[in-house]
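Novice: Okay, here's the structure, questions in a sec.
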Amino acid sequence: MSFKKGFLWGGATAANQCEGANFADGKGISVADVISAGSHISPRHISLGRDPAYAYPADWGSDCYHRYKEDIALFAEMGFKAYRMSIAWTRIFPNGDDVEPNEAGLAHYEDVFRELRTHGIEPVVTLSHNEMPLHLVTAYRGWTDKRTIGFFVRYCETVFERYRDLVRYWIPFNEVNDLLLPMSAFSQGGIFHEGTETFLDQPDDPAERLGALNNVLVANARAVLAGRCANPEFRFGTMICHITQYPRTCDPSDQLLVQEDDLFRNCMCSDVMLRGTYPYYAWTHFRHHGISFELSDAERHDLAAGVCDFYTFSYYQSICQTTRTEEFSDQTSGNIMGGVRNPYLELTEWDWPIDPVGLRYTLNKVYDRYRVPVMITENGLGAVDTVEADGSIHDPYRIEYMRRHIEEMAKAVDDGVDLIGYTPWGCIDLVSVSTGEMRKRYGFIYVDADDEGHGTFDRTRKDSFWWYQRVIASNGSELG
């Protein structure tokens, strides 16, 4: 079977990683704006202010804020049917609790959406992609305070009304399940603990963090309900960071470990967002870890009523889990999601396992579980690209990575999965969220900027640009 007619081929970015222009047109400061640059071996630093000793890559990104017309024209040249992007919350409500929205921010995104529509590209819009207003962190402690739910819903209602005829597909929160991990407490929970210094190693209070996640899930449901009031034609998606897992051995204890962690890490949030209630195993996990929080009757009602319409997820890698740590302790520096190394998989330059077959497995798993349309909203290869003397950029490694993943997508479609779209990550080079680097490039389009934000920011088509153009034109049948 082939990809269906109208399949949403495209690409994905996030405002805080590509827009730049951090102080333009009334934009406020977000959590992303106080996370410093880093590298593969040097951590990104976090503070509640901006330290002049550090650089902050969200300040420049890829300068998409000023160059969006040029970028959208390039996306259209590739043949994009969809563009997954995000609105910067701080461009609409600079502090998060402002009485009135910022008209300059509203006007900017209206122009972006109209430009996309002019080129026949469907916007798929994330409302909060790791960049909540910093004021909500300092004044309310982020998502730990239920008042933040109301601030978020008011923001959603504002953009739903403004763009009701320009946007159909909405994703309230990016990779919402990452808040199950301590490293996401600040960027996704708005939680800043005394002693916090780096992105990957934050002090943690699991009960507080999971309480914040519950508030996010309630906010997600209420955003869905508000959106359906604004326009019944709106469609809402989950966004799950899916870290596919395998047992490292055939020891039954390894299988049980994988089952437990997979359910909690990969399934719990989407169970709530698509089934409307917390699953039994979530309450068991909370009880075993001494975590408790109360759901009001109104929250239970809204979770049940505000379920999403389709499932979206990011897929970059898989991991192995084992109870036999005395035998298997091999790690890779890129194994930030835990587990041990899979000896059957090769690694990227940043030591991320490459597992195309795992994508087919994951597609079947999530479609069997939810039976709703599925969209892959992030997938891609971060790598160093070299500009040749003639200005060309040859990236066969990226083409090979994506070809293998699209082949497995096609097999999943043949298996019967209702796959409706594919928007690989960083279709234009942007700042990496894990390292804060520009040199870890994902795009089909090269941006002339270095890790310090120096360069012309001119755009250049890589070899993968032309390859992906052929893939889209053939609806996925031409992958050579």
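The values are calculated or read from the model by the stated rules, or taken from the named source; none is laboratory data. Fair warning: this is a prediction, and the values are worked out from it, not measured in the lab. Every residue, glycine among them, receives a Cβ derived from its backbone with ideal geometry; neighbour counts consider all protein chains shown.
Novice: Using the structure shown, decide if ILE354 is surrounded by fewer than 22 Cβ atoms within 10 Å (Cβ to Cβ), within 27 Å of ASP63 (Cα to Cα) and touching a helix residue (DSSP H, G or I) at 6+ places or on another chain (Cβ under 8 Å).
Specialist: no
Novice: Give me the residue from the range 286-320 that is part of a helix (DSSP H, G or I) and free of Cβ contacts under 8 Å to residues at least 24 places away in the same chain and, out of that set, surrounded by the fewest Cβ atoms within 10 Å (Cβ to Cβ).
Specialist: The qualifying residue surrounded by the fewest Cβ atoms within 10 Å (Cβ to Cβ) is ASP297.
Novice: If you check ASP25, ASP33, which single one turns out to be surrounded by fewer than 22 Cβ atoms within 10 Å (Cβ to Cβ), modelled with pLDDT of 95 or more and farther than 16 Å from SER434 by Cα?
Specialist: Exactly one of ASP25, ASP33 is surrounded by fewer than 22 Cβ atoms within 10 Å (Cβ to Cβ), modelled with pLDDT of 95 or more and farther than 16 Å from SER434 by Cα, namely ASP25.
Novice: With the checklist (1) modelled with pLDDT under 95; (2) under 30 Å from TRP466 (Cβ atoms); (3) in contact with a Phe, Trp or Tyr (Cβ under 8 Å, 6 or more places away or on another chain) in hand, flag the one item MET1 doesn't pass.
Specialist: If we test MET1 against (1) modelled with pLDDT under 95; (2) under 30 Å from TRP466 (Cβ atoms); (3) in contact with a Phe, Trp or Tyr (Cβ under 8 Å, 6 or more places away or on another chain), just (3) comes out false.
Novice: Does GLY382 qualify as being more than 20 Å from GLN245 (Cα to Cα) and buried (at least 19 other Cβ atoms within 10 Å of the Cβ)?
Specialist: It is true that GLY382 is more than 20 Å from GLN245 (Cα to Cα) and buried (at least 19 other Cβ atoms within 10 Å of the Cβ).
Novice: Restricting to the range 70-124, and then to whatever is surrounded by fewer than 23 Cβ atoms within 10 Å (Cβ to Cβ) and of a type in the set (Gly, Ala, Ser), can you tell me which residue is farthest from ARG141 (Cα to Cα)?
Specialist: Ranking the candidates gives GLY79 first.
Novice: Out of VAL167, VAL137, I need the residue that is crowded, with 18+ Cβ neighbours inside 10 Å and in a helix (DSSP H, G or I). Which one?
Specialist: Residue meeting the stated conditions: VAL137.
Novice: Restricting to the range 171-194, name every residue that is assigned to a helix (DSSP H, G or I), more than 18 Å from ILE46 (Cβ to Cβ) and either under 12 Å from the mean Cα position of the chain (by Cα) or at pLDDT below 95 (or both).
Specialist: VAL176, ASN177
Novice: Which one of ASN342, ASN364 is touching a residue at least 40 places away in the same chain (Cβ under 8 Å) and surrounded by fewer than 19 Cβ atoms within 10 Å (Cβ to Cβ)?
Specialist: Among ASN342, ASN364, only ASN364 is touching a residue at least 40 places away in the same chain (Cβ under 8 Å) and surrounded by fewer than 19 Cβ atoms within 10 Å (Cβ to Cβ).
Novice: Every residue in the range 260-277 that is outside any helix (DSSP H, G or I) and either of a type in the set (Val, Ile, Thr) or surrounded by 19 or more Cβ atoms within 10 Å (Cβ to Cβ) (or both), please.
Specialist: Hit for the range 260-277 is THR277, nothing else.
Novice: Cβ-Cβ distance below 6 Å, separation of 6 or more or different chains: which pairs start in the range 247-259 with a residue that is surrounded by fewer than 14 Cβ atoms within 10 Å (Cβ to Cβ) and end on one that is at pLDDT below 95?
Specialist: What qualifies is SER253/THR323.
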